[in-house]
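Notes to accompany the following structure.
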């Protein structure tokens, strides 16, 4: 808990205690810890003197701010209507079969998490996915098998 308090304190000193700095502070915690723990969100609320419900509400609203520990590789698949029309369901089925998990689950050993998310800004190149900070577009089942195969073999 002391580590979390120190991180939050450092980020608050960097960004300031105003409510408008909530998102940059949450992003900083997420960058450091790969998710936002309850302890971290409570500490942010305390430091900014705002309700913890407001902090949690903000964190849970944004799909790129995870409020639970997930896998090392977060696979976010765009669920926009455009990606859906271009074969997103076939892409998801390929991933679920390869990883042996369903959307919203994490593999045993916490290596991969499979998440459907709102538009990731690549509708013109869908179906698209994001693995951590790496974008992949114009996906096909064979392209997905190659990409995930590389991650599974730990080439990334």
Residue that is farther than 29 Å from residue 38 by Cβ and out of contact with any helix residue (DSSP H, G or I) (no Cβ under 9 Å at 6 or more places or on another chain), where the choices are 97, 133: 97
Kindly establish whether residue 91 is outside any helix (DSSP H, G or I), outside the structural domain of residue 17 (by TED's automatic domain parsing) and over 25 Å from residue 26 (Cβ atoms). no
Outside any helix (DSSP H, G or I), in contact with a helix residue (DSSP H, G or I) (Cβ under 9 Å, 6 or more places away or on another chain), in contact (Cβ under 8 Å) with a residue 12 or more places away in the chain and surrounded by 15 or more Cβ atoms within 10 Å (Cβ to Cβ), is that true of residue 116? yes
When residues of the stretch 113-156 are filtered for being on the phi > 0 side of the Ramachandran plot and modelled with pLDDT under 90, how many remain? 3
Could you pull out the residue among 3, 68 that is surrounded by fewer than 15 Cβ atoms within 10 Å (Cβ to Cβ) and either modelled with pLDDT of 95 or more or farther than 26 Å from residue 148 by Cα (or both)? 3
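The values are calculated or read from the model by the stated rules, or taken from the named source; none is laboratory data. Since we're looking at a predicted model, the values are computed, not measured. Neighbour counts run over all protein chains shown; Cβ positions are idealised from the backbone, glycine included.
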